[in-house]
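FYI, it's all coordinate maths here, none of it is from the lab. Quantities reported herein were computed from a predicted structural model and do not represent experimental measurements. Here the Cβ positions follow ideal geometry from the backbone for every residue, glycine too, while neighbour counts run over all protein chains shown.
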Amino acid sequence: MERKYIYVIVSATYTKAAKVIRLATKSVYNHVSISFDENMRELYSFARLYYCLPFVGGPVKETYDRLSLNRPENVSVKVYKIPVKASAYYNAYARVREIFSDGEYAYNLISAFTFLFRHGVERYKTFTCSEFVSHIMRIARPDVMPEVADCKIVPDDFTRLLAPYEIYGGPLNGFNDFTESSNEEFFSKIGFVPRWFMTYNYIKARYGKSFAKGH
């Protein structure tokens, strides 16, 4: 039987919002990504689209500098190599491609903002990073995932669920298999007024449609 591998990377990123999340939830990690190749040339997650727009988010392809804000020595990560059946691997990858090709998907701000007192909220075509990875892992390896909604999963949970498959723990710049890449668009400088309008229009377009559908 052909065996394939999926890689999950749990990280403590360097943004101010990430530090607040870790402090508020008493967590070690605040972000999680998934990849289908050992060099992690394509690393998928849900996060902000631009560094200067914390509320404008959706499906993203992570890069080395994006994940570390160019400070890889300060980003603690755990990397997991999970064996999966070939059929499950291709089904999971197809689901990722389907989500990334659908322009309606957005970051689940409602779930993120209400987690402390609602423990996550499922919304139509939205994910947080952990909801997204949980969703894909249920296709690839449902046996390692708990019987709870994706919105109840947080990044720290993966350190427990995937513990047998850990291949690395430490600073990001110590993991040699991660392919360095740049993402100049993520660091684009955007003025205050354009940032405000981009945030307003994004939330109105994505979440207005979500509420209208009643999901």
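By the scheme Lys and Arg +1, Asp and Glu -1, what is the net charge of all other residues having a beta-carbon under 9 Å from that of Tyr29?
With Lys, Arg at +1 and Asp, Glu at -1, the net is +1.
Round to the nearest 0.05 the FRET efficiency obtained for Ile190 and Ala88 when R0 = 35 Å and r is the Cβ-Cβ distance.
With a Förster radius of 35 Å, E is 0.30.
Which of the lysines could a cross-linker span from Lys125 if the Cα-Cα distance has to be under 24 Å and same-chain partners fewer than 8 positions apart are dropped?
Lys61, Lys152, Lys204, Lys209, Lys213
Ranked by Cβ crowding within 10 angstrom, fewest neighbours first, how are Phe186, Phe100 ordered?
Fewest to most other Cβ atoms nearby, the residues stand as Phe100, Phe186.
If the cut-off is 17 Å between C-alpha atoms, which lysines fall inside it for Lys4, apart from same-chain ones fewer than 8 positions away?
Lys81, Lys85
Can you give the calculated 222 nm mean residue ellipticity of the chain, where each DSSP H run of n ≥ 4 adds -39,500 (n - 2.57) and the sum is split over every residue, rounded to the nearest 500 deg cm²/dmol?
-11500 deg cm²/dmol
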